[in-house]
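Please treat every number below as a calculation from the coordinates, not as lab data. Predicted model only: the values in this text are computed from it and were never measured. Cβ placement follows ideal geometry from the backbone for every residue including glycine, while neighbour counts extend to all protein chains displayed.
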Amino acid sequence: MSTTDQSGTFNLGGRSVKRLGYGAMQLAGPGVFGPPKDHGAALAVLREAVTSGVNHIDTSDFYGPHVTNQIIREALHPYRDDLTIVTKIGARRGADGSWMPAFSREELTAAVHDNLRNLGLDVLDVVNLRIMFDVHGPAEGSIEAPLTVLADLQRQGLVRHVGLSNVTSKQITEGRGITEIICVQPVQSRASGRRCPDRRSRARRHCLCTILPARRVQPAAVVHPVRCRHTPQCHADAGGTRLAAASRGKHPADSRHFVRRPSQGEPRRRRARAAG
C-alpha cells in the first residue's frame, strides 16, 4: 500500500479525495515567481504524483503568476476523472514578486477566469478564497464582500464548491453565514512540527493533510501562522504539503520540500520537541 493510500480519504464536494495530496506552489521559479529552472522536472514530478496515487492537487493562478497552472495543464490535461484540482484566489503578484490582496469584484472575477483558462477547465472543482489582510498569516477582518463575489461566481456555474484559506475562527463562522464552505486550509507546516487540527492527522502524530473538511474544523482548531524552515517563500499553508511517495523524483525548486514519511522508530524526544 502506498503512502498516499495509507493517508486515508475524506469526502470533498461529493468526491472521495485522498488526504495526502500534492501542493503545486513550488512548481514555479524561486520565490514562487516566474518559470521553474527545470521545466521538464516540473512536468515529471506532477506525473509521478498522479501515478503514485494522488487524486487532488492544490494550486493557484497567482503562483508564478499563471506558471503553475500552465504546467499542470501541460503535464496532466486531459485530467483523470478522479482528479480534483483545488485552486485559490484573493491575491496577486507585483512586478517584483511581492504578494498583494486582490479582493475587488473585478480582480476576483478575472482570477476565476484565469484559473479556468490556464487549467483548461470549464468549471473549477473547488476555489478557496485566500484572505490577505496579512500576507503571512490569518488576521481579523470581515470577509463578506469578497466571499459574496465568489458565491456569485459559483451561482453562475463557474465554481462548484467554495472554501477558505488563511482564515481565523471568526472568519470561518462569518463565511458559513454567506455560503456553504466545504473546506478550510489552515496555516500549517510539516517542517514546523505543528499538529494538524484534524483528529485523524493528530492521531498519526504528524500533519500530512492538505485541506480539512469544513465540518471538522472547530473555532479553536485554527492554528497560528508558521513558516517553512527551508525557504522564506514557502509559507507552507496546506497547499505547501509535498508528496512523500514521489520523493524519488526531483523537485523543480528544492527536493527537500518533499514530506518524508515518518519512521516508526523516531525518537520520542524529537516528537516532543516538534510538538512544542
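The shape of the range 109-152 can be summarised by an equivalent ellipsoid whose semi-axes, obtained from the alpha carbon gyration tensor, come to 23, 12, 8 Å from longest to shortest. Rounded to the nearest 20 debye, the dipole size of the range 117-156 about its Cα centre is 140 debye, using +1 on the Cβ of Lys and Arg and -1 on the Cβ of Asp and Glu.
Could you work out the percent of alpha carbon pairs in the range 11-51 separated by over 13 Å, rounded to a whole number? Spell out each step's value before the answer.
Numbers: 497 of 820 pairs.
Roughly 61 percent, once rounded to a whole number.
Over the range 3-106, the Kirkwood radius and the radius of gyration, each from Cα atoms, give a ratio Rg/Rh of 1.00.
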